[in-house]
Amino acid sequence: MKTIHKLLPPLALVSALALVPVTTSSLAAADVANYNELEKFMSVYERVKANYVDQVDDHTLIKGAIDGMLSALDPHSSYMEDSDFDTLKTTTDGNYGGLGLTVTMEDGAVKVMAATPGAPA
């Protein structure tokens, strides 16, 4: 019985090492497939840059690619650039610096929590 217990750790190690080539080859195959897809994307990107009827800047193409990628997942996923995200935070944060109000939602209605002294509100 002791002999079996002594053999288990080396056998487990040998078994794990035997699976390394299988795992590595499947990861390599996945990487090749991913690189092929990225090459396809870059090929289309370069063709659009070179041959589209109007000149298109990189930012527009990359943002469009990101938007398309996320919309392919579900109708609720989207990407926001920094300026859009800042606007969203301002809208949902409840602090309106331009007006000097702090608001909250209560029972589906907007409730003014406080007015900033010296502000228009």
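The values are calculated or read from the model by the stated rules, or taken from the named source; none is laboratory data. Note that the structure is a prediction, hence the values are computed from the model and not measured. Neighbour counts run over all protein chains shown; Cβ positions are idealised from the backbone, glycine included. Surface areas here come from the heavy atoms of the whole protein model, side chains and all, with no ligands, DNA or RNA. Shrake-Rupley method; radii C 1.70, N 1.55, O 1.52, S 1.80 Å.
Points to keep in mind about this one:
- Against the test of being open to solvent by 80 Å² or more (accessible area, probe 1.4 Å) and closer than 30 Å to V103 by Cα, the options Y35, Y52, Y79 yield a single qualifying residue, Y79.
- Screening A72 on (1) aliphatic (A, V, I, L, M); (2) over 25 Å from K40 (Cβ atoms); (3) modelled with pLDDT of 80 or more shows it passes everything except condition (2).
- Evaluated against (1) more than 27 Å from the chain's Cα centre (by Cα); (2) at pLDDT below 70, T92 falls short on exactly one condition, (1).
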